[in-house]
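Peer 1: Would you mind keeping the following structure in view while I ask a few things?
Values quoted throughout were computed directly from the atomic coordinates according to the rules given, and no laboratory measurement underlies them. For clarity, every value in this text was computed on a predicted model and none was experimentally measured. Don't worry about glycine lacking a Cβ; one is built from the backbone with ideal geometry, like all the others, and counts go over all protein chains shown.
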Amino acid sequence: MEQLSEEDIVWSTTSESNSIANLVAHIRGTVHQRVEIVFFDVTDTRDIEKEFEKGLIMSKETSLELIKESFDIIIQVLEIMKSNPEEGLLRQPYLNLPPLTNSALNNNSRVLEIMIQMLHHLPGHTAQIIYIAKMRKGQLEWKYN
């Protein structure tokens, strides 16, 4: 995403297609609702309608920050699970929360199911971002850290 311009972030192939901005907003919203509120006890502020709003404006800087935040949260949770076995993979963190909406998960979901769902859901949207970036830039320069 660092190789993209501000215009590339908000560009979409058709008026019905998602832009990178939409996909970034959706990734952040998904991680917020399915991981962050459960593990870090934050208020659910997700607005899924806005994530897919056509013509969503988002700066390149914001998109990079949101992606980094999203994956940092997932890494944090994995580290918590690794260092605190009592957080166990079979724990049901949604049990006492309001019913989940717009989710492949339900209130009986276990930590293991949450993490598997994240591993299933996010790569597809990451691939969409890469595909759009390739349409905009052609050849991408891959940097590995």
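Peer 1: For the stretch 64-145, I need the span (max minus min coordinate) of the C-alpha atoms along each principal axis, in Å, sorted largest to smallest.
Peer 2: That gives 47, 30, 19 Å along the principal axes, largest extent first.
Peer 1: Which value in deg cm²/dmol, rounded to the nearest 500, describes the helix-derived mean residue ellipticity at 222 nm for the chain, given -39,500 (n - 2.57) per DSSP H run of n ≥ 4 and division by the residue count? Walk me through the numbers on the way to the answer.
Peer 2: Details: 6 runs with 76 residues, N = 145.
The per-residue figure over the chain is -16500 deg cm²/dmol.
Peer 1: How big is the stretch 25-104 by Rg and Dmax over its Cα atoms, in Å?
Peer 2: 14.1, 44
Peer 1: Could you give the length gained on full extension between Leu89 and Ile116, defined as 0.36 nm per residue of separation minus the Cα-Cα distance, in nm?
Peer 2: Working: separation 27, 0.36 × 27 = 9.72 nm, distance 1.07 nm.
The Leu89-Ile116 span can extend by a further 8.7 nm.
Peer 1: Using alpha-carbon positions, what is the distance between the centroids of the stretch 80-113 and the stretch 16-65, in Å?
Peer 2: The distance from the Cα centre of the stretch 80-113 to that of the stretch 16-65 comes to 20 Å.
Peer 1: Then there is this: Taking 7 Å along the Cα-to-C-beta vector as the label spot, tell me the Asn106-Trp11 distance in nanometres, rounded to one decimal.
Peer 2: Calculated label separation equals 4.3 nm.
Peer 1: If I model a spin label as a point 7 Å beyond the Cα along the Cα-Cβ vector, how far apart are those points for Glu79 and Ser59 in nm?
Peer 2: So the two model labels end up 2.7 nm from each other.
Peer 1: Now a separate question. What are the extents of the Cα atoms of the stretch 2-145 along their three principal axes, in Å, largest first?
Peer 2: That gives 47, 34, 22 Å along the principal axes, largest extent first.
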